[in-house]
Amino acid sequence: QVLSDVFNAPVYTIDTANSACLGSAYRAIHGLVAETNVSLADVVKLAPEPKLAVTPTTGAEELYRPLLKRYAELEQKVIYNATSSC
């Protein structure tokens, strides 16, 4: 629910063990066949059908939008400081 609220997006799951690993595997396959102009959508056609798990809580976007903006600003400062000190 937290991910859905923070990013103001529905969250889907698939009924399989290690689904994050499965997603990474599909991306790897897509990378291997990238030169053949196969789309990621074509690669994942055989993936299990995702099921809606949660939707954003009403009003959560108003709370998290300023926090996401602040997080992005802090992230940019970290990136800038890391590259400027190298």
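The values are calculated or read from the model by the stated rules, or taken from the named source; none is laboratory data. Not measured: the values here are computed from a predicted model. Cβ sites come from the backbone with ideal geometry, for glycine too, and all protein chains shown count toward neighbours. Heads up: the accessible areas ignore ligands, DNA and RNA and are worked out on the full protein's heavy atoms, side chains in. Shrake-Rupley method; radii C 1.70, N 1.55, O 1.52, S 1.80 Å.
Miscellaneous remarks
- Members of the range 8-39 found to be over 17 Å from the mean Cα position of the chain (by Cα) and exposed (fewer than 13 other Cβ atoms within 10 Å of the Cβ), listed by number: Asp15, Thr16, Ala17, Gly31, Leu32, Ala34, Glu35, Thr36, Asn37, Ser39
- Of the numbered criteria (1) of a type outside the set (Phe, Trp, Tyr); (2) open to solvent by less than 100 Å² (accessible area, probe 1.4 Å); (3) at pLDDT 90 or above, the one Asn81 fails is (3).
- Any hit, the range 50-72, residues being assigned to a loop (DSSP other than H, G, I, E, B), at pLDDT below 90 and either farther than 24 Å from Val2 by Cα or under 20 Å from the mean Cα position of the chain (by Cα) (or both): yes
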